[in-house]
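Down below is the structure, laid out as C-alpha coordinates.
The values are calculated or read from the model by the stated rules, or taken from the named source; none is laboratory data. Every value quoted in this text rests on a predicted model; they were computed, and no experiment measured them. Note: ideal-geometry Cβ built from the backbone for every residue, glycine included; neighbour counts use all protein chains shown. These accessible areas exclude ligands, DNA and RNA; they are computed on the full protein's heavy atoms, side chains included. Shrake-Rupley method; radii C 1.70, N 1.55, O 1.52, S 1.80 Å.
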Amino acid sequence: MLSFTLSVLLTLYSLVPHSPCGDDKLAKKARKIHQRVLTLDTHADAPIMMQKPGFDVGISHNTKRDQSQIDFPRMKEGGMDAMFFAVYTSQGPRTDSGHAEAKRNALNQFDLIHQALKKYPNLAELATSPADAHRIKKSGKRAVFIGMENGYPIGSDLSMLKTYYDLGCRYITLTHFANNLIGDSSTDPDGPIYGGLSDFGKKVVPEMNRLGILIDVSHVADSTFYDALALSKAPVIASHSNCRALCDFPRNMTDDMIRAIAAKGGVVQVNFVSDYLKKPSDAHRAAKTKIRMSRVGKVATPDMETRIAALSDSVSKVYASERASLSDIADHIDHIVKLVGIDHVGIGSDFDGGGGVNGLEDVSQIENLTLELVRRNYSEADIAKIWGGNLLRVLGQAKVVN
(Lines give C-alpha, C1' and ligand atoms only; values in the text may rest on other atoms or scores of the structure.)
Protein backbone atom coordinates (compact mmCIF):
# COMPACT_ATOMS: atom_id res chain seq x y z
CA MET A 1 0.00 0.00 0.00
CA LEU A 2 2.84 2.37 0.87
CA SER A 3 4.59 1.65 -2.40
CA PHE A 4 1.34 2.22 -4.31
CA THR A 5 0.76 5.57 -2.56
CA LEU A 6 4.33 6.64 -3.27
CA SER A 7 3.93 5.67 -6.89
CA VAL A 8 0.77 7.75 -7.20
CA LEU A 9 2.41 10.77 -5.56
CA LEU A 10 5.43 10.57 -7.86
CA THR A 11 3.15 10.32 -10.88
CA LEU A 12 1.16 13.36 -9.78
CA TYR A 13 4.37 15.31 -9.10
CA SER A 14 5.64 14.51 -12.58
CA LEU A 15 2.49 16.06 -14.04
CA VAL A 16 3.03 19.39 -12.27
CA PRO A 17 4.71 21.89 -14.67
CA HIS A 18 7.33 22.91 -12.11
CA SER A 19 10.36 23.12 -14.44
CA PRO A 20 8.65 25.13 -17.20
CA CYS A 21 7.34 27.49 -14.53
CA GLY A 22 10.85 27.97 -13.18
CA ASP A 23 12.22 28.46 -16.68
CA ASP A 24 9.47 30.97 -17.45
CA LYS A 25 10.29 32.94 -14.31
CA LEU A 26 13.98 33.04 -15.24
CA ALA A 27 13.12 34.04 -18.81
CA LYS A 28 10.99 36.94 -17.59
CA LYS A 29 13.76 38.07 -15.26
CA ALA A 30 16.33 37.82 -18.07
CA ARG A 31 14.11 39.79 -20.46
CA LYS A 32 13.72 42.65 -18.01
CA ILE A 33 17.47 42.77 -17.39
CA HIS A 34 18.18 42.56 -21.11
CA GLN A 35 15.90 45.50 -21.80
CA ARG A 36 17.41 47.63 -19.05
CA VAL A 37 21.14 47.14 -19.66
CA LEU A 38 23.02 48.57 -22.63
CA THR A 39 23.98 45.66 -24.88
CA LEU A 40 27.09 46.17 -27.01
CA ASP A 41 28.88 43.77 -29.35
CA THR A 42 32.43 44.79 -30.30
CA HIS A 43 32.83 42.69 -33.41
CA ALA A 44 30.15 42.43 -36.09
CA ASP A 45 31.12 41.76 -39.71
CA ALA A 46 27.98 43.32 -41.17
CA PRO A 47 30.01 45.25 -43.79
CA ILE A 48 30.92 41.91 -45.43
CA MET A 49 27.23 41.44 -46.25
CA MET A 50 26.72 45.13 -47.00
CA GLN A 51 29.20 44.84 -49.88
CA LYS A 52 27.07 42.21 -51.60
CA PRO A 53 24.85 43.50 -54.42
CA GLY A 54 21.27 44.02 -53.30
CA PHE A 55 21.87 43.52 -49.58
CA ASP A 56 20.07 46.13 -47.47
CA VAL A 57 20.97 46.33 -43.77
CA GLY A 58 17.75 48.23 -43.09
CA ILE A 59 15.57 45.25 -44.05
CA SER A 60 15.08 42.07 -42.03
CA HIS A 61 16.70 38.98 -43.56
CA ASN A 62 16.43 35.24 -43.08
CA THR A 63 19.53 33.84 -41.43
CA LYS A 64 19.70 30.56 -43.35
CA ARG A 65 18.33 31.68 -46.70
CA ASP A 66 20.30 34.92 -46.91
CA GLN A 67 23.42 33.73 -45.02
CA SER A 68 23.15 36.92 -42.97
CA GLN A 69 23.12 37.38 -39.19
CA ILE A 70 22.84 41.16 -38.79
CA ASP A 71 20.50 43.93 -39.90
CA PHE A 72 18.87 46.84 -38.11
CA PRO A 73 15.44 45.17 -37.67
CA ARG A 74 16.97 42.01 -36.18
CA MET A 75 19.16 44.10 -33.89
CA LYS A 76 15.98 45.70 -32.56
CA GLU A 77 14.20 42.35 -32.31
CA GLY A 78 17.04 40.89 -30.26
CA GLY A 79 17.51 43.93 -28.06
CA MET A 80 21.01 44.62 -29.38
CA ASP A 81 21.57 48.29 -28.61
CA ALA A 82 25.01 48.80 -30.12
CA MET A 83 27.47 47.02 -32.39
CA PHE A 84 30.89 47.76 -33.75
CA PHE A 85 30.63 47.18 -37.51
CA ALA A 86 34.07 45.92 -38.53
CA VAL A 87 35.76 47.32 -41.62
CA TYR A 88 37.53 44.08 -42.55
CA THR A 89 40.21 43.50 -45.17
CA SER A 90 41.82 40.10 -45.66
CA GLN A 91 45.61 40.17 -45.70
CA GLY A 92 46.73 40.58 -49.29
CA PRO A 93 50.19 41.29 -50.73
CA ARG A 94 52.44 43.57 -48.66
CA THR A 95 53.12 45.72 -51.72
CA ASP A 96 52.29 49.28 -52.76
CA SER A 97 49.49 48.03 -55.00
CA GLY A 98 48.23 45.68 -52.27
CA HIS A 99 48.09 48.50 -49.73
CA ALA A 100 46.40 50.83 -52.22
CA GLU A 101 43.69 48.23 -52.85
CA ALA A 102 43.24 47.67 -49.09
CA LYS A 103 42.76 51.42 -48.54
CA ARG A 104 40.23 51.58 -51.38
CA ASN A 105 38.37 48.61 -49.92
CA ALA A 106 38.36 50.06 -46.41
CA LEU A 107 37.19 53.50 -47.51
CA ASN A 108 34.38 51.89 -49.51
CA GLN A 109 33.20 50.03 -46.39
CA PHE A 110 33.23 53.21 -44.31
CA ASP A 111 31.12 54.82 -47.03
CA LEU A 112 28.66 51.90 -47.07
CA ILE A 113 28.16 52.23 -43.30
CA HIS A 114 27.65 56.00 -43.47
CA GLN A 115 25.28 55.68 -46.42
CA ALA A 116 23.18 53.09 -44.57
CA LEU A 117 22.92 55.38 -41.55
CA LYS A 118 21.84 58.26 -43.78
CA LYS A 119 19.25 56.03 -45.45
CA TYR A 120 17.78 54.84 -42.13
CA PRO A 121 18.13 57.73 -39.65
CA ASN A 122 15.07 56.50 -37.77
CA LEU A 123 16.64 53.05 -37.19
CA ALA A 124 20.30 53.64 -36.38
CA GLU A 125 22.92 56.29 -35.74
CA LEU A 126 26.70 56.51 -35.72
CA ALA A 127 28.28 56.36 -32.26
CA THR A 128 31.85 57.32 -31.41
CA SER A 129 31.73 57.64 -27.61
CA PRO A 130 30.14 56.03 -24.54
CA ALA A 131 27.78 59.01 -24.22
CA ASP A 132 26.58 58.43 -27.79
CA ALA A 133 25.74 54.82 -27.01
CA HIS A 134 23.58 55.74 -24.02
CA ARG A 135 21.88 58.63 -25.83
CA ILE A 136 21.05 56.51 -28.88
CA LYS A 137 19.67 53.69 -26.73
CA LYS A 138 17.34 56.14 -25.00
CA SER A 139 16.12 57.31 -28.41
CA GLY A 140 15.09 53.75 -29.31
CA LYS A 141 17.56 53.47 -32.19
CA ARG A 142 20.57 51.21 -32.73
CA ALA A 143 24.05 52.62 -32.13
CA VAL A 144 26.62 51.72 -34.78
CA PHE A 145 30.25 52.07 -33.81
CA ILE A 146 33.01 51.35 -36.34
CA GLY A 147 36.12 49.24 -35.81
CA MET A 148 38.76 48.09 -38.27
CA GLU A 149 39.80 44.44 -38.47
CA ASN A 150 43.38 44.25 -39.75
CA GLY A 151 45.69 47.25 -39.90
CA TYR A 152 46.51 46.35 -43.51
CA PRO A 153 44.71 49.45 -44.95
CA ILE A 154 47.10 51.69 -43.01
CA GLY A 155 49.89 50.47 -45.26
CA SER A 156 53.03 52.39 -44.37
CA ASP A 157 51.19 55.72 -44.06
CA LEU A 158 50.73 56.75 -40.43
CA SER A 159 48.45 59.62 -41.48
CA MET A 160 45.79 57.11 -42.52
CA LEU A 161 45.04 56.57 -38.83
CA LYS A 162 43.65 60.10 -38.60
CA THR A 163 41.66 59.53 -41.79
CA TYR A 164 40.02 56.44 -40.35
CA TYR A 165 39.47 58.07 -36.96
CA ASP A 166 37.68 60.99 -38.59
CA LEU A 167 35.42 58.49 -40.38
CA GLY A 168 34.43 57.04 -37.01
CA CYS A 169 36.95 54.24 -36.40
CA ARG A 170 37.43 53.62 -32.67
CA TYR A 171 39.50 50.43 -32.63
CA ILE A 172 41.92 48.70 -34.97
CA THR A 173 42.81 45.01 -34.83
CA LEU A 174 46.55 45.28 -35.48
CA THR A 175 46.83 42.16 -37.65
CA HIS A 176 44.61 39.43 -39.07
CA PHE A 177 45.41 35.87 -40.19
CA ALA A 178 48.82 36.85 -41.58
CA ASN A 179 51.64 39.29 -40.84
CA ASN A 180 51.36 42.87 -42.07
CA LEU A 181 53.59 45.94 -41.85
CA ILE A 182 52.54 46.52 -38.21
CA GLY A 183 53.52 43.20 -36.73
CA ASP A 184 53.33 39.42 -36.59
CA SER A 185 50.05 37.52 -36.66
CA SER A 186 49.25 34.50 -34.49
CA THR A 187 48.46 32.35 -37.53
CA ASP A 188 50.79 33.32 -40.41
CA PRO A 189 51.73 30.04 -42.16
CA ASP A 190 55.24 31.36 -42.82
CA GLY A 191 55.89 32.23 -39.18
CA PRO A 192 56.99 35.57 -37.68
CA ILE A 193 58.85 38.33 -39.48
CA TYR A 194 59.60 40.81 -36.72
CA GLY A 195 59.37 38.89 -33.46
CA GLY A 196 56.48 41.13 -32.39
CA LEU A 197 55.69 44.67 -33.49
CA SER A 198 57.66 46.03 -36.44
CA ASP A 199 59.48 49.35 -36.21
CA PHE A 200 56.52 50.86 -38.02
CA GLY A 201 54.12 49.14 -35.62
CA LYS A 202 55.94 50.80 -32.74
CA LYS A 203 54.88 54.13 -34.27
CA VAL A 204 51.32 52.99 -34.93
CA VAL A 205 50.51 52.16 -31.29
CA PRO A 206 51.43 55.61 -29.82
CA GLU A 207 49.58 57.35 -32.65
CA MET A 208 46.47 55.29 -31.93
CA ASN A 209 46.79 56.30 -28.27
CA ARG A 210 47.09 59.95 -29.26
CA LEU A 211 44.00 59.86 -31.45
CA GLY A 212 41.85 57.75 -29.13
CA ILE A 213 41.71 54.56 -31.21
CA LEU A 214 41.65 51.43 -29.08
CA ILE A 215 44.45 48.94 -29.69
CA ASP A 216 42.88 45.57 -30.45
CA VAL A 217 45.12 42.52 -29.88
CA SER A 218 42.81 39.84 -31.28
CA HIS A 219 44.66 37.88 -34.00
CA VAL A 220 48.16 39.09 -33.08
CA ALA A 221 51.07 36.79 -32.22
CA ASP A 222 51.89 36.45 -28.54
CA SER A 223 55.07 38.48 -29.04
CA THR A 224 53.10 41.24 -30.79
CA PHE A 225 50.59 41.17 -27.94
CA TYR A 226 53.23 41.80 -25.28
CA ASP A 227 54.97 44.49 -27.37
CA ALA A 228 51.69 46.36 -27.91
CA LEU A 229 50.68 46.02 -24.27
CA ALA A 230 54.01 47.37 -23.04
CA LEU A 231 54.00 50.28 -25.50
CA SER A 232 50.38 51.40 -25.13
CA LYS A 233 49.64 54.08 -22.55
CA ALA A 234 45.94 53.23 -22.67
CA PRO A 235 44.16 49.96 -21.84
CA VAL A 236 43.96 47.51 -24.75
CA ILE A 237 41.14 45.22 -25.85
CA ALA A 238 40.79 41.85 -27.51
CA SER A 239 37.66 42.64 -29.52
CA HIS A 240 36.82 39.01 -30.32
CA SER A 241 38.96 36.42 -28.54
CA ASN A 242 38.44 33.43 -26.26
CA CYS A 243 40.42 31.46 -23.66
CA ARG A 244 43.27 29.22 -24.74
CA ALA A 245 42.90 27.25 -21.51
CA LEU A 246 39.48 26.06 -22.70
CA CYS A 247 40.23 25.82 -26.43
CA ASP A 248 43.90 25.53 -27.40
CA PHE A 249 44.42 27.68 -30.47
CA PRO A 250 46.90 30.55 -31.13
CA ARG A 251 44.02 32.97 -31.80
CA ASN A 252 42.87 32.62 -28.20
CA MET A 253 44.31 34.30 -25.10
CA THR A 254 46.42 32.43 -22.56
CA ASP A 255 45.61 32.95 -18.89
CA ASP A 256 48.76 35.07 -18.56
CA MET A 257 47.64 37.27 -21.47
CA ILE A 258 44.18 37.71 -19.94
CA ARG A 259 45.79 38.68 -16.63
CA ALA A 260 48.05 41.17 -18.44
CA ILE A 261 45.12 42.81 -20.26
CA ALA A 262 43.24 43.10 -16.97
CA ALA A 263 46.25 44.51 -15.14
CA LYS A 264 46.34 47.31 -17.71
CA GLY A 265 42.61 47.94 -17.27
CA GLY A 266 41.56 46.34 -20.53
CA VAL A 267 38.90 43.84 -21.54
CA VAL A 268 38.61 40.53 -23.41
CA GLN A 269 35.49 40.27 -25.58
CA VAL A 270 34.37 36.65 -25.92
CA ASN A 271 33.39 35.61 -29.44
CA PHE A 272 30.94 33.08 -30.89
CA VAL A 273 33.15 31.21 -33.41
CA SER A 274 32.63 27.53 -32.71
CA ASP A 275 36.18 26.25 -33.11
CA TYR A 276 37.54 29.06 -30.91
CA LEU A 277 35.09 28.00 -28.19
CA LYS A 278 35.34 24.23 -28.35
CA LYS A 279 38.33 22.33 -29.73
CA PRO A 280 37.34 20.57 -32.98
CA SER A 281 38.72 17.35 -34.40
CA ASP A 282 42.05 17.58 -36.22
CA ALA A 283 40.34 17.10 -39.58
CA HIS A 284 37.82 19.83 -38.85
CA ARG A 285 40.53 22.23 -37.69
CA ALA A 286 42.57 21.55 -40.84
CA ALA A 287 39.55 22.21 -43.06
CA LYS A 288 38.73 25.47 -41.25
CA THR A 289 42.35 26.61 -41.40
CA LYS A 290 42.50 25.93 -45.14
CA ILE A 291 39.44 28.11 -45.67
CA ARG A 292 40.72 30.94 -43.45
CA MET A 293 44.13 31.04 -45.10
CA SER A 294 42.81 30.80 -48.66
CA ARG A 295 42.69 34.61 -49.00
CA VAL A 296 46.12 35.31 -47.52
CA GLY A 297 48.51 37.05 -49.90
CA LYS A 298 45.85 37.29 -52.61
CA VAL A 299 43.60 40.02 -53.96
CA ALA A 300 40.04 38.93 -53.27
CA THR A 301 37.71 38.49 -56.25
CA PRO A 302 33.95 37.74 -56.38
CA ASP A 303 34.65 34.27 -57.81
CA MET A 304 37.09 33.53 -54.98
CA GLU A 305 34.57 34.62 -52.36
CA THR A 306 31.87 32.44 -53.93
CA ARG A 307 34.14 29.37 -53.86
CA ILE A 308 35.18 30.05 -50.25
CA ALA A 309 31.56 30.49 -49.16
CA ALA A 310 30.56 27.18 -50.78
CA LEU A 311 33.48 25.34 -49.19
CA SER A 312 32.74 26.87 -45.80
CA ASP A 313 29.10 25.79 -46.01
CA SER A 314 30.17 22.26 -46.94
CA VAL A 315 32.61 22.00 -44.02
CA SER A 316 29.97 23.30 -41.59
CA LYS A 317 27.55 20.58 -42.69
CA VAL A 318 30.12 17.78 -42.52
CA TYR A 319 31.20 18.71 -38.99
CA ALA A 320 27.84 19.94 -37.65
CA SER A 321 28.04 17.54 -34.68
CA GLU A 322 31.14 19.36 -33.41
CA ARG A 323 29.49 22.78 -33.31
CA ALA A 324 29.73 24.68 -30.03
CA SER A 325 26.72 25.79 -27.99
CA LEU A 326 25.53 28.79 -26.03
CA SER A 327 26.83 27.09 -22.90
CA ASP A 328 30.37 27.10 -24.33
CA ILE A 329 30.23 30.90 -24.69
CA ALA A 330 29.21 31.24 -21.05
CA ASP A 331 32.01 28.85 -20.02
CA HIS A 332 34.59 31.22 -21.52
CA ILE A 333 32.96 34.19 -19.78
CA ASP A 334 33.04 32.24 -16.51
CA HIS A 335 36.73 31.44 -16.98
CA ILE A 336 37.70 35.08 -17.48
CA VAL A 337 35.59 36.22 -14.53
CA LYS A 338 37.17 33.61 -12.24
CA LEU A 339 40.60 34.55 -13.49
CA VAL A 340 40.52 38.38 -13.37
CA GLY A 341 37.09 39.47 -12.16
CA ILE A 342 33.89 40.82 -13.66
CA ASP A 343 35.43 44.11 -14.92
CA HIS A 344 37.47 42.61 -17.76
CA VAL A 345 35.11 40.58 -19.95
CA GLY A 346 32.66 41.47 -22.71
CA ILE A 347 31.06 40.24 -25.94
CA GLY A 348 32.43 40.34 -29.52
CA SER A 349 30.23 37.92 -31.48
CA ASP A 350 31.92 37.79 -34.91
CA PHE A 351 28.44 37.48 -36.45
CA ASP A 352 28.64 37.52 -40.26
CA GLY A 353 32.31 36.55 -39.90
CA GLY A 354 32.01 32.97 -38.68
CA GLY A 355 30.26 33.51 -35.34
CA GLY A 356 27.18 31.54 -34.36
CA VAL A 357 26.53 28.50 -32.15
CA ASN A 358 23.66 26.18 -31.32
CA GLY A 359 21.19 28.34 -29.43
CA LEU A 360 22.55 31.63 -30.77
CA GLU A 361 22.29 31.82 -34.55
CA ASP A 362 21.97 35.54 -35.22
CA VAL A 363 21.61 38.94 -33.56
CA SER A 364 17.87 38.48 -33.00
CA GLN A 365 18.65 35.71 -30.46
CA ILE A 366 21.17 37.45 -28.22
CA GLU A 367 18.74 37.58 -25.30
CA ASN A 368 19.44 33.84 -25.01
CA LEU A 369 22.92 34.70 -23.73
CA THR A 370 21.48 37.02 -21.09
CA LEU A 371 19.20 34.17 -19.99
CA GLU A 372 22.19 31.82 -19.71
CA LEU A 373 24.03 34.37 -17.59
CA VAL A 374 20.98 34.70 -15.32
CA ARG A 375 20.88 30.91 -15.02
CA ARG A 376 24.51 31.07 -13.87
CA ASN A 377 23.57 33.55 -11.15
CA TYR A 378 25.19 36.66 -12.61
CA SER A 379 23.58 39.78 -11.15
CA GLU A 380 22.09 42.56 -13.24
CA ALA A 381 25.11 44.74 -12.41
CA ASP A 382 27.44 41.97 -13.60
CA ILE A 383 25.46 41.46 -16.81
CA ALA A 384 25.50 45.20 -17.50
CA LYS A 385 29.30 45.12 -17.29
CA ILE A 386 29.61 42.05 -19.52
CA TRP A 387 27.18 43.36 -22.15
CA GLY A 388 28.79 46.76 -22.60
CA GLY A 389 29.78 48.55 -19.43
CA ASN A 390 33.33 47.24 -19.37
CA LEU A 391 34.03 48.06 -23.00
CA LEU A 392 32.53 51.55 -22.76
CA ARG A 393 34.69 52.23 -19.70
CA VAL A 394 37.81 51.30 -21.69
CA LEU A 395 36.66 53.28 -24.74
CA GLY A 396 36.40 56.33 -22.49
CA GLN A 397 40.05 55.81 -21.54
CA ALA A 398 41.30 55.31 -25.11
CA LYS A 399 42.56 58.83 -25.73
CA VAL A 400 45.89 59.55 -24.09
CA VAL A 401 46.81 63.20 -23.57
CA ASN A 402 50.57 63.51 -23.92
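How far apart, in nm, are two points set 7 Å out from the Cα along the Cα-to-Cβ line at LYS203 and at ASP313?
About 4.5 nm separates the two model spin labels.
Ratio of Rg to Rh for the stretch 78-194, alpha carbon only, Kirkwood? Provide the component values of the computation, followed by the final result.
On the way: Rg = 15.9 Å, Rh = 15.2 Å.
That ratio is 1.04, to two decimals.
Please determine, in degrees from 0 to 90 and to the nearest 10, the orientation of helix 222-231 with respect to the longest principal axis defined by the Cα atoms of the chain, where the helix direction is its Cα long axis.
For helix 222-231, the angle is close to 70 degrees.
Can you tell me which of 148-156, 212-220, 47-55, 335-343 comes out highest on packing, and rank the rest after it, using the mean Cβ neighbours within 10 Å?
Values: 148-156: 25.2, 212-220: 27.2, 47-55: 15.0, 335-343: 17.4.
Per-residue Cβ counts within 10 Å, averaged per peptide and sorted highest first, yield 212-220, 148-156, 335-343, 47-55.
Could you list, bin by bin from short to long, the percent of Cα-Cα pairs of the stretch 330-402 in 5 Å steps?
3, 14, 23, 23, 19, 11, 4, 2, 1, 0
Taking the solvent-accessible surface of protein heavy atoms with a 1.4 Å probe, what is the per residue accessible area of the stretch 26-91 in Å²?
Per-residue value: 41 Å².
When the expected Rg is taken as 2.2 N^0.38 Å, what fraction or multiple of it is the alpha-carbon Rg of the stretch 111-155?
So the Cα radius of gyration is 1.32 times the expected 2.2 N^0.38 Å.
Quick one: work out Rg over Rh on the C-alpha atoms of the stretch 41-94, Rh as Kirkwood radius. Before the final figure, lay out the partial values.
Details: Rg = 12.3 Å, Rh = 12.1 Å.
Radius of gyration relative to Kirkwood radius: 1.01.
For the chain, what is the charge dipole size about the Cα centre, in debye to the nearest 20, if Lys and Arg each add +1 at the Cβ and Asp and Glu each add -1 at the Cβ?
Approximately 840 debye in magnitude.
Determine one quarter of the surface area of the Cα convex hull of the chain, which equals its mean projected area, and express it in nm² to one decimal.
Mean projected area of the Cα convex hull: 21.5 nm².
Leaving ligands, DNA and RNA out of it, report the carbon-plus-sulfur percent of the accessible area of the stretch 48-142 at a 1.4 Å probe. Spell out each step's value before the answer.
Values: 2360 of 4530 Å².
The computed percentage sits at 52.
What is the distance, in nm, between label points placed 7 Å from the Cα along the Cα-to-Cβ direction at GLN35 and at LYS338?
A separation of 3.4 nm, rounded to one decimal place.
With every protein chain left in place, what is the accessible area of MET75 in Å² (1.4 Å probe, nearest 10)?
0 Å²
Show that you can apply the helix-only estimate: for the chain, add -39,500 (n - 2.57) for every DSSP H stretch of four or more residues, divide by all residues, and state [θ] at 222 nm to the nearest 500. Walk me through the numbers before you get to the answer.
On the way: 18 runs with 189 residues, N = 402.
Taken over the chain, the calculation gives -14000 deg cm²/dmol.
If each residue of separation counts as 0.36 nm, what is the full-extension length gain between ARG259 and SER321 once their alpha-carbon separation is subtracted?
Values: separation 62, 0.36 × 62 = 22.32 nm, distance 3.30 nm.
Taking 0.36 nm per residue and subtracting the Cα distance, the gain is 19.0 nm.
7 Å from Cα along Cα→Cβ at both LYS64 and LYS162: what's the point-to-point distance in nm?
5.2 nm
If R₀ is 22 angstrom, what is the calculated FRET efficiency for the pair SER223 and ASP282, using the beta carbon separation as r and rounding to 0.05?
After rounding to 0.05, the efficiency reads 0.25.
Express the accessible area of the stretch 192-283 per residue in Å², computed with a 1.4 Å probe while the remaining protein chains stay in the model.
With the other protein chains kept in place, the stretch 192-283 gives 32 Å² per residue.
Based only on Cα atoms, what mean projected area does the convex hull of the stretch 143-240 have, in nm²?
Averaging across all directions leaves 5.7 nm² for the Cα convex hull.
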